[in-house]
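First up is the structure itself, then whatever we jot down about it.
The values are calculated or read from the model by the stated rules, or taken from the named source; none is laboratory data. Predicted, not measured: the structure shown is a model, and the values here were computed from it. Don't worry about glycine lacking a Cβ; one is built from the backbone with ideal geometry, like all the others, and counts go over all protein chains shown. For the accessible areas, the whole protein counts, side chains as well, though only heavy atoms, and no ligand, DNA or RNA atoms are used. Shrake-Rupley method; radii C 1.70, N 1.55, O 1.52, S 1.80 Å.
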Amino acid sequence: MTIGVASVAVSQPSRLWLAFSRNPLFWLGALLLAIIIVVAVFAPLIAPHDPLEQNIVARLEPPSAEFLFGTDNYGRDVLSRLIYGARVSLMVGFVAILIAMTIGCTIGIVAGYVGGALDQLVMGGLDVLLSFPALLLGLMIAAMLGASLQNLIIAIAITEIAPFARVARAPTIALKQQDFVIAGRALGFGPVRIMGVHILPNLISDVVVMSSLWMASAIRTEASLSFIGLGVPPPTPTWGSMIREGFDNILDAWWLAVFPSLAILVTVLALNLLGDALRDAIDPKLRGE
Amino acid sequence: MSGEKSSVSTFWLVFANVLGDPVISFAFKRLLLAIPTLLVMLTAIFVLVRLVPGDAASVILGDQATEASLRAMRARLGLDQPIQIQYLHFLGEVLTGNLGQSLSSGRTVVQEVLLVLPSTIQLTLAAIVIGIVLGLPLGILAALGRNSWIDYVSRLVSLVGLSFPAFVSGILLLIVFAIQLGWFPVLTSDSTDPLERLRSLALPALNLGLILMAYVVRVTRSSMLGVLGEDYIRTARAKGVTPTRLVMRHALRNGLIPVVTVVGLYFGTLIGNSVLTEIIFNRPGLGKLIFGALNARDYTLLEGLMIIFAICVIVLNTLTDITYGLIDPRVKYK
Amino acid sequence: MTSFPRPALDLRNLRTEFRIGDHWYPAVRNVSVSLMPNETLAVVGESGSGKSVTALSILRLLPHAGARIQGGEVLFEGQDLVTLSERDMSTIRGNSIAMIFQEPMTSLNPTMTVGDQIAEAILIHRGGSRMEAKAEALRLLAEVKIPSAKSRLDEYPHQFSGGMRQRVMIAMALACHPRVLLADEPTTALDVTIQAQVLTQLEELKQAYGMSMLFITHNLGVVAQIADRVAVMYAGEIVELATVDALFAKPMHPYTAALLRAMPRADRANESLEPIPGSVPGLSAVPTGCAYAPRCPFKDRSCTELHPELVSSGDPGHLVRCPVRPVGGVH
């Protein structure tokens, strides 16, 4: 959650690069994220076993040479399920953020550009949305719509719309008073063209920077919802539901809960490191002189 | 006749004077703002609940229900009325505190909530204490240290803390400290022995509290860093104010104000995290309640709980805003 | 031969550096000047000339990271402030040497009442009870001509206008009767009419309290109004030092002359204003030899090779750092 930095100055990508490329935390986060993405993309090649293959004989086995992270209740290899689970988490997070970004930025830009009563109304709505905890919001939506991959993505996307709208609105208000926009209007450019072609590109870097942080939040929410049982239905492996299974067997099989937990932690941490470094690059005050 | 008139005008006089007080009028305005927000949320919940696929009546009565009983159930639930009437009914019921009956237990929603409320409040208070008592000093030290080892360590620690989803950290704590090391009980005990209850409270409170602490450290650090760079700190130094007094009297007063707001806004997330924590540690509370309602498809209880959560969030946000208005003189004396 | 009175404040070869990237660059380069008792010394220059840094160096108020006093002495009442412990420095700050700053809007603590902030200075250095300190604060507020001082004592800075806040800062600075007042562009951020009022007040108070004042400004008009002597700074060095009359009548350094030409003057009608070509060099880009040479119309080859010293110009008390200036001053 950003700390209300109303920095309206729009950042240039080249300047940003200089700022965050010096930050070692950025590279750590980027490295971790790269590893996870590679693992997810090449899952079929990396996973030692079929994640769905049940092996009743080898149920609930602790980590061993054959099953590096142990097996679960149905004898399935935890490591392989973990690897395939990365796909779900990353995809859900990415798609949800993409949707939230599109809808949120549109709302933010339109509200900021049009101003007046519409803007006030939208701001009020955003404040209401923002003040509601993401988990509870997602929980309510997913509970009502039913558990499925689609609904999960929708629920998470809805929780992340408001931050994007906020971050798109502030620069729009500043930009619309700049000369090049006024000149454009004088030339007869319609509002859609101005918003899309002139205002939007200037926001992109700010929006992309924040999306890393919010993707971390999205994946956290996804894991939580999956844990509660509102995520992708079985037998698809997702980290959240694996932890749920681990929780149900917590006294006997600690490995079922620990490894997916670490996976989530590392992924969210990587995105946070990345996002923090990027955000510090935009806001000089937080860089600590 | 004149007596009545004077008492009315006295009332308005007092009212106007009371409102004239900047603090009271600020609080009043803020309260007024909360009402439309609440309305919007209630409407959203209303819409959401009615989005449930399938007919609520058949969900409740099951597949074997006869057409007649389905119709009767619908009439009972008020589902045969036009949507506007249903909406008004809905609002009316919320206002009168009638949130319906739990489908699984038969008790009213309000009763269910009251049963578990003390436990949730205990947990939340303990978590807040841990988070603030540990987080504030660390954040202040980190800002004062500024790129020293304390700074880097606390930044890393708080980043890691913020990356944990609450249920993940809860599970890890459970595994390490309760199951493997056995320092704390795995299940919350019902015993009346205060020591036992404290032991049961410890891990869940730590879970919530440590995550809150991570957040507080970050916010405090950045706020204090901002304050320490301000001109008036330099003026105070130029006056001969010693470093200790500089921090305690000048920097803290200004630096902590935004922390109040941000922590207040965090309450929403705290509620969310406490839901997960209660599930993990099997503690009675609003979290367990919602979990149970989900599993049992108890939509009435779910709806009621959502309304209660919405009210809590709005109340907490309003209180935070009012507190902020009270401590920042720039808001008080406009 | 008359014996010279001891200076109230004596800077000798003061050198302050800032860190940019991995290197330290000087912002104040071997500045030596004396501030005599009851004197107003104006320090003039464009932004980046090092004038503010000089004042901050005197009171050791530079930011901890990235700035350091590399050498020189600041002699005050028999002590070298540069080598003083931080503890001893804080007994001097606000007490025997006080400073007022440029931005009245941000230079006062928004969460403390004005009365408390003034009283704080008194309580720190003079002790006493809170009642006594508040009473003294009230007296000071009245002295700087804040109307309805009694009721305004418990108000917060945001309830005052810019000019009023600056007066509050002055009251705060004078609370302990300092011997030296460092004023860093105190009127720059104020409206012109308020400027005049504050300047007059400063002058009156200086007389009443018997202080010396080091007044930093980039505005030569202000200099003409209040200064006794003037030091012109460029790129961290003093390039000319003279009495105010001598400086205006007979500027010696080409930079001073250029500054004067760039300023509208009532005593010289029908002159066109000339901006100075080029710009002040950044900290890391100070040229070798004379720092002003790239912009100077009188430069010759020796200017880029030899670094000129600050020497007497021939006129008593008039020092200049330019060996190639035209004889008889620049016009």
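Does the stretch C:48-67 contain at least one residue that is part of a strand (DSSP E or B) and either touching a residue at least 60 places away in the same chain (Cβ under 8 Å) or within 22 Å of residue C:281 (Cβ to Cβ) (or both)?
Checked the stretch C:48-67: at least one residue is part of a strand (DSSP E or B) and either touching a residue at least 60 places away in the same chain (Cβ under 8 Å) or within 22 Å of residue C:281 (Cβ to Cβ) (or both).
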**Report entry** Flag if residue B:192 is within 14 Å of chain C (Cβ to nearest Cβ), surrounded by fewer than 20 Cβ atoms within 10 Å (Cβ to Cβ) and hydroxyl-bearing (Ser, Thr, Tyr)
**Finding:** no
Report summary line: When residue A:174 is run through (1) open to solvent by 50 Å² or more (accessible area, probe 1.4 Å); (2) more than 30 Å from residue A:237 (Cβ to Cβ), the failure sits at (1)
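Tell me, please, whether a residue that is within 25 Å of the chain's Cα centre (by Cα) and either at pLDDT 90 or above or open to solvent by 50 Å² or more (accessible area, probe 1.4 Å) (or both) can be found in the stretch A:43-54.
yes
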Query raised in the report: Which residue, of B:61, B:13, B:19, B:42, is under 21 Å from residue B:302 (Cα atoms) and at pLDDT below 75?
Result: B:61
Report summary line: Within the stretch A:135-158, the residues that are modelled with pLDDT under 85, small (Gly, Ala, Ser) and within 16 Å of the chain's Cα centre (by Cα) are A:138
**Report entry** the stretch A:55-93 - residue that is among the acidic types (Asp, Glu) and in contact with a Phe, Trp or Tyr (Cβ under 7 Å, 6 or more places away or on another chain) and, of those, most open to solvent (accessible area, probe 1.4 Å)
**Finding:** A:61
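If a residue must be more than 16 Å from residue A:82 (Cβ to Cβ) and open to solvent by 80 Å² or more (accessible area, probe 1.4 Å), how many such residues does the stretch A:29-42 contain?
Qualifying residue count, the stretch A:29-42: 1.
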Query - Verdict on residue B:237 being surrounded by fewer than 22 Cβ atoms within 10 Å (Cβ to Cβ) and facing another protein chain (nearest Cβ under 10 Å) - result: yes
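Tally up the residues in the stretch B:144-171 that are hydroxyl-bearing (Ser, Thr, Tyr) and crowded, with 20+ Cβ neighbours inside 10 Å, please.
4
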Report task. Specify the residue that is farthest from the chain's Cα centre (by Cα); the eligible residues are those in the stretch A:184-198 that are part of a helix (DSSP H, G or I) and exposed (fewer than 11 other Cβ atoms within 10 Å of the Cβ). Result -> A:186
Report summary line: Of B:290, B:211, B:322, B:307, the only residue that is of a type in the set (A, V, I, L, M), within 9 Å of another protein chain (Cβ to nearest Cβ) and either buried (at least 19 other Cβ atoms within 10 Å of the Cβ) or part of a helix (DSSP H, G or I) (or both) is B:290
**Report entry** Which listed residue is closer than 28 Å to residue C:175 by Cβ and either of a type outside the set (Val, Ile, Thr) or open to solvent by 30 Å² or more (accessible area, probe 1.4 Å) (or both), from B:221, B:253, B:197
**Finding:** B:253
Report task. Would you check if residue C:202 is modelled with pLDDT under 90, surrounded by 20 or more Cβ atoms within 10 Å (Cβ to Cβ) and within 28 Å of residue C:116 (Cβ to Cβ)? Result -> yes
Query raised in the report: Of all the residues that make up the stretch C:134-149, how many are within 13 Å of residue C:122 (Cα to Cα) and open to solvent by 10 Å² or more (accessible area, probe 1.4 Å)?
Result: 5
Query raised in the report: Of the residues that sit in the stretch C:42-73 and are away from chain B (no Cβ under 14 Å) and crowded, with 23+ Cβ neighbours inside 10 Å, which one is nearest to residue C:14 (Cα to Cα)?
Result: C:54
Query - Test set (1) open to solvent by 20 Å² or more (accessible area, probe 1.4 Å); (2) within 14 Å of chain B (Cβ to nearest Cβ) - residue A:212 fails condition number - result: (1)
Query raised in the report: Take the residues of the stretch B:22-39 that are modelled with pLDDT of 75 or more and not aliphatic (A, V, I, L, M): which is most open to solvent (accessible area, probe 1.4 Å)?
Result: B:29
Report summary line: When the stretch C:274-317 is checked residue by residue, the ones that are in a helix (DSSP H, G or I), open to solvent by 60 Å² or more (accessible area, probe 1.4 Å) and of a type in the set (D, E, K, R) are C:301, C:305
**Report entry** Top-ranked residue of the stretch A:249-275 - restricted to ones that are open to solvent by 20 Å² or more (accessible area, probe 1.4 Å), more than 7 Å from chain B (Cβ to nearest Cβ) and at pLDDT below 85, ranked as farthest from residue A:96 (Cα to Cα)
**Finding:** A:252
Query raised in the report: Any residue in the stretch B:162-172 that is of a type in the set (Gly, Ala, Ser) and over 18 Å from residue B:275 (Cβ atoms)?
Result: yes
Query raised in the report: When only residues in the stretch C:110-143 that are modelled with pLDDT under 90 and more than 14 Å from chain B (Cβ to nearest Cβ) count, which is nearest to the chain's Cα centre (by Cα)?
Result: C:143
Query - Considering residues of the stretch C:172-186 that are more than 11 Å from chain B (Cβ to nearest Cβ) and assigned to a loop (DSSP other than H, G, I, E, B) only, the residue surrounded by the fewest Cβ atoms within 10 Å (Cβ to Cβ) - result: C:177
Report task. Would you mind telling me which numbered condition in (1) surrounded by fewer than 24 Cβ atoms within 10 Å (Cβ to Cβ); (2) within 30 Å of residue C:257 (Cα to Cα) residue C:163 fails? Result -> (2)
**Report entry** Cβ-Cβ under 8 Å pairs, at least 6 apart or on other chains, the stretch C:318-331 side closer than 16 Å to residue C:246 by Cβ and assigned to a loop (DSSP other than H, G, I, E, B), far side modelled with pLDDT of 75 or more and polar (S, T, N, Q)
**Finding:** C:318/C:243; C:318/C:312; C:330/C:256
